[in-house]
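J.: I have a structure I would like to understand better, so I am pasting it below and will then ask my questions one at a time.
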Amino acid sequence: MKVLTNHLGYSTQYPKKAVIQCINDEQPDNFSVLDANGKPVLEGKTHHAGKVAQWNKGDFWVADFSTLKEEGRYTVSAEGKDCHAVSDSFEIRTHLLTMKMLSSVGYYFKSQRSSGEWLKCDTCLPFKGDRPGSVDAHGGWYDATGDYGIHLTHLSHSTIYNPQQIPFSVYTFFKVHDLMEQSGNEQYSMIKRRMLDEGSFGADFLMRMQAPSGSFYRSINRKDAFGAVANSRSIGFEYRRSSDQFSEKASTADNENITDENYETSLRSGGGLAIAALAIAARHYYPSQEYASSDYINAAKKAWDHLNTNNLKYTNDGKWNLVDDYCALMAVTELYITTHEYDYLLKSRDMAERIYSRMERQKPGMSRLYVIPGVPFHHASDEGMPVLALLNYAEMEPDKSRTDTAVTASEEIMRWKFAITDRAANPFGYPRLETAHSGVINNQFFFPHRSAVEPWWQGDNARIASIASASCKLSKMTADRKLANRCLKMAQDPLDWIMGLNPYDACMIEGYGKNNISYFFNDRYDFINCPGGIVNGITSGLEDEDGIEFITAPTDAVADNWRWAEQWIPHASWYLYALALKQE
């Protein structure tokens, strides 16, 4: 029997729980929270949650101690007939966790800035393939532990799974600054400056990545993880119907005519969030050696003018879908806030209406959101973004009836998400998702192996942190107190999971907690994870979508555990956003 907790601690005002993992049929009926002197300060009954799917990780019980709000260091003791276990110690604090982790994860980004020989190459990048010319695209953050490329998105051949990478990270630093500013907490003074520093660094990089068309170049590619750096980097293109990410030649390569659009982004493949990032950057004074605030906003407006008209030329299927809608809504919301130009308000209303049109009522007050007809929205990294886009729009919308509509839509989407999450035994409160295969809708815990982007699949830490972010935002804007309380739980559970409250008792943040996973690559450990970075995380089983896996050492089946152990910037970005929204 083992008592699992958040390794880094809990905030005073948010839900708090421990999960008791029982392997040998133990029945821990009672629990106590003990202070640093071993004195009980809270006692209660555990809740039996049961076994989970095909995880084969034992039977689970939950000890909820949310009513404990006094700061201090504690342990949780679980007891039953012939069984007893005590957790590691943890803290409950106001602000401490937020400040410490905003600082640490922010420093992770600084460690990932392109520098040295990579930076030198990036000042004069050729285009991959036949496109002539070169680009000075220095700056930006390396995408992942094993990928020193720099990407606005790396799945632009996908119809519905485009992750928002560099642009969302830039956007996040400015949003985190603003959320800390709104808190009125003077202790955030230096962290705010550092958020602006990192955001401005990223905004300058986006300026260099803007193409003459007004769109943005999608990626700086690197040929070989172990190859010499010189002459190995280029502005990359993406095949429209498949990716060469896992092979030397994409399956459609011989059938595709590569044009300028293949090198550049659609709204859903990084363009929309790049516009949002530059628009919000224009509202913040911070020294740049190259650009003024007016440069940022002019670049954002140029990009919007071009992509709003020409977006279909850049997509893989020639159609708009939900991902385009919410990325566009993020863009025009920030453009309106910065410029107060009425046309952007009209466009934001149009994009919000597009999102509403993709909702289908399932039960009273609950709606399923579709990404394309027949496919429920699910996403490997940004599943909370449609709701955040609607709520950010609602905050700036001057028409109260339209604000109320956006909030109501967000409530309906999240109620359905909660219903899916609560449909199965789920002691950790892990956000479950809906997928569609051959016209059949399935419910599961983790991103599926089989999808339009296979063989790409990985852990969900960005996805679940994005849902925590959306939940926290909605908890502050809904008038439904029952829903607000459920949102607070979903704002906490995914972050607990990332910070160690999971069946592997492993903190996903390098250098914090215990049982940090190591990234191995063909039995080598060259790509050592960086402190403050967040790994991909836990997945379903290798052969069983209802199972669970977290591979920490080489096996006959797995010589490269990137799916679980590689750090990726969207995980860190969403974690930062969620922490800033949760601050007390």
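J.: What are the ³J(HN,Hα) couplings of segment 332-340, residue after residue, when phi is run through the Karplus curve with 6.51, -1.76, 1.60 and θ = phi - 60°? Round to Hz, x for glycine and proline.
T.: Here the 3J(HN,Hα) series is 6, 4, 5, 4, 5, 4, 7, 9, 6 Hz.
J.: With contacts defined as alpha carbon pairs under 8 Å and 6 or more residues apart, what's the relative contact order of segment 163-215 in percent?
T.: Across segment 163-215, relative contact order equals 45 percent.
J.: With label points built 7 Å along Cα→Cβ from the Cα atoms of T252 and A479, find their separation and express it in nm.
T.: Inter-label distance under the simple model: 4.8 nm.
J.: Quantify, in whole percent, the carbon and sulfur part of the accessible surface of segment 190-346 (1.4 Å probe; protein heavy atoms only).
T.: Solvent-exposed carbon and sulfur of segment 190-346 make up 46 percent of the total.
J.: So, one more: If you average the sequence gap of Cα pairs under 8 Å that are 6 or more apart and divide by the length of segment 1-42, what percent do you get for the contact order?
T.: 33
J.: Net charge near G318: determine it from the other residues with C-beta under 13 Å of the C-beta of G318, scoring Lys and Arg +1 and Asp and Glu -1.
T.: Charge balance near G318 sits at +2.
J.: Please report, in debye to the nearest 20, how large the charge dipole of the chain is about its Cα centre when each Lys and Arg carries +1 at its beta carbon and each Asp and Glu carries -1 there.
T.: Here the size comes out at about 980 debye.
J.: Further question on the same structure: Rounded to the nearest 500, what is the chain's calculated 222 nm mean residue ellipticity when only DSSP H runs of at least 4 contribute -39500 (n - 2.57) each, over all residues?
T.: One gets -12000 deg cm²/dmol as the mean residue ellipticity at 222 nm.
J.: Further, regarding this structure: Carbon and sulfur: what percent of segment 19-64's accessible surface (1.4 Å probe)?
T.: Ligands and nucleic acids excluded, carbon and sulfur reach 41 percent.
J.: Turning to a different aspect of this structure: Enter the accessible area per residue of segment 348-441 (Å², integer; probe 1.4 Å; all protein chains in place).
T.: 36
J.: Which of the peptides 58-65, 465-472, 43-50, 440-447 is most tightly packed, and how do the rest follow, going by the mean number of other Cβ atoms within 10 Å of each residue?
T.: 465-472, 58-65, 440-447, 43-50
J.: Using only the Cα atoms of the chain, build the gyration tensor, take square roots of its eigenvalues as a ≥ b ≥ c, and label the shape rounded, prolate or oblate: rounded if a/c is under 1.5, else prolate if a/b is larger than b/c, else oblate.
T.: Prolate is the answer for the chain, as a/c is 1.5 or above and a/b outweighs b/c.
J.: Which whole-Hz ³J(HN,Hα) couplings does segment 500-510 yield from phi under the Karplus relation 6.51 cos²θ - 1.76 cosθ + 1.60, θ = phi - 60°, glycine and proline marked x?
T.: x, 7, 8, x, 9, 6, 10, 6, 8, 9, 4
J.: Which whole-Hz ³J(HN,Hα) couplings does segment 42-52 yield from phi under the Karplus relation 6.51 cos²θ - 1.76 cosθ + 1.60, θ = phi - 60°, glycine and proline marked x?
T.: 3J(HN,Hα) across segment 42-52, in whole Hz: 7, 10, x, 9, 7, 10, 7, 8, x, 7, 10.
J.: Follow-up question, since we're still on this one. Name the long-range amide H neighbours of A85: under 5 Å, sequence gap of 5 or more, or other chain; modelled H, no Pro or chain starts.
T.: The list, which skips near neighbours in sequence, is A78.
J.: Rounded if a/c is under 1.5, else prolate if a/b is larger than b/c, else oblate: which is segment 186-259, with a ≥ b ≥ c the root eigenvalues of its Cα gyration tensor?
T.: Verdict is prolate for segment 186-259.
J.: What number comes out for accessible area per residue over segment 477-584 if the probe is 1.4 Å? Units Å², please.
T.: It amounts to 33 Å² per residue over segment 477-584.
J.: Taking the Cα centroid of segment 283-348 and of segment 47-85, what is the distance between the two, rounded to the nearest whole Å?
T.: The two parts, judged by their Cα centres, are 47 Å apart.
J.: What does the extension gain come out to for L542 and D178, with contour length at 0.36 nm per residue minus their alpha carbon separation?
T.: Here the segment from L542 to D178 would lengthen by 126.9 nm.
J.: Got a sec? Charge dipole of segment 417-556, +1 on Cβ for Lys and Arg, -1 for Asp and Glu; which of I467, L542, I528 is way out at the positive end?
T.: I467
J.: If you don't mind, there's one more thing I want to ask. Using alpha-carbon positions, what is the distance between the centroids of segment 460-537 and segment 169-233, in Å?
T.: Between the Cα centres of segment 460-537 and segment 169-233 lies a distance of 21 Å.
J.: Put a dot 7 Å past each Cα toward the Cβ at Q27 and E290; how far apart are the dots in nm?
T.: Spacing of the two 7 Å Cα→Cβ label points: 6.7 nm.
J.: Could you pull out every residue, at least 5 positions away or on a different chain, whose amide H is within less than 5 Å of the one on F216? Hs are placed 1.01 Å off N in the peptide plane, and Pro or chain starts have none.
T.: A211, T265
J.: Could you grab the Rg to Rh ratio for segment 272-376? Cα atoms only, Kirkwood for Rh.
T.: Ratio value, two decimals: 1.06.
J.: What accessible area per residue, rounded to a whole number of Å², is obtained for segment 62-101 using a probe radius of 1.4 Å?
T.: 48
J.: Now, a different point. With all protein chains present, how much of the accessible area of segment 445-584 (probe radius 1.4 Å) comes from carbon and sulfur, to the nearest whole percent?
T.: On segment 445-584, the fraction of accessible area on carbon and sulfur atoms equals 49 percent.
J.: Loop-only check: which trypsin sites (Lys or Arg not before Pro) in segment 240-324 are DSSP coil with at most 12 other Cβ within 10 angstrom?
T.: The qualifying sites are K249, K319.
J.: List the residues, sorted by chain then number, that are 5 or more residues from L4 or on another chain and whose placed amide H is less than 5 Å from its amide H.
T.: For L4, whose amide H was placed from the backbone, the distant partners under 5 Å are V19, I20, Q21.
J.: On to the next question. Out of I191, P212, A230, whose Cα points farthest toward the positive end of the dipole of segment 176-230 (charges: +1 Lys, Arg; -1 Asp, Glu; placed on Cβ)?
T.: Positive-most Cα among the choices belongs to A230.
J.: Sticking with this one: Can you compute the modelled spin-label distance between A36 and M396, with each label point 7 Å from Cα toward Cβ, in nm?
T.: 4.6
J.: If we count every other residue with Cβ under 13 angstrom of T67's Cβ, Lys/Arg +1 and Asp/Glu -1, where does the sum land?
T.: Its environment carries a net charge of 0.
J.: How big is the accessible area of L391 in square angstrom, nearest 10, if you roll a 1.4 angstrom probe over the protein chains?
T.: Roll a 1.4 Å probe over it and L391 shows about 0 Å².
J.: For segment 28-174, what relative contact order do you get, as a whole percent, if you take Cα pairs closer than 8 Å and at least 6 residues apart?
T.: 14
J.: So, one more: Would you mind classifying segment 205-313 by shape? Square roots of the alpha carbon gyration tensor eigenvalues, ordered a ≥ b ≥ c; an a/c under 1.5 is rounded, otherwise it is prolate if a/b is larger than b/c and oblate if not.
T.: Because a/c hits 1.5 or more and a/b fails to exceed b/c, segment 205-313 counts as oblate.
J.: Turning to a different aspect of this structure: Grab the beta carbon distance between Q245 and A419, set R0 = 30 Å, and tell me the FRET efficiency rounded to 0.05.
T.: Computed FRET efficiency for Q245 and A419: 0.30.
J.: Hey, another quick one. Rounded to the nearest angstrom and ordered from largest down, what semi-axes does the equivalent ellipsoid of segment 39-178 get from its C-alpha gyration tensor (root of 5λ)?
T.: For segment 39-178, the ellipsoid semi-axes come out as 48, 21, 14 Å.
The values are calculated or read from the model by the stated rules, or taken from the named source; none is laboratory data. No experiment lies behind these values; they were computed from the predicted model shown. A quick note on method: Cβ atoms are made from the backbone with ideal geometry, for glycine too, and the neighbour counts reach across all protein chains shown. What goes into the accessible areas is simple: the full protein's heavy atoms, side chains included, and nothing from ligands, DNA or RNA. Shrake-Rupley method; radii C 1.70, N 1.55, O 1.52, S 1.80 Å.
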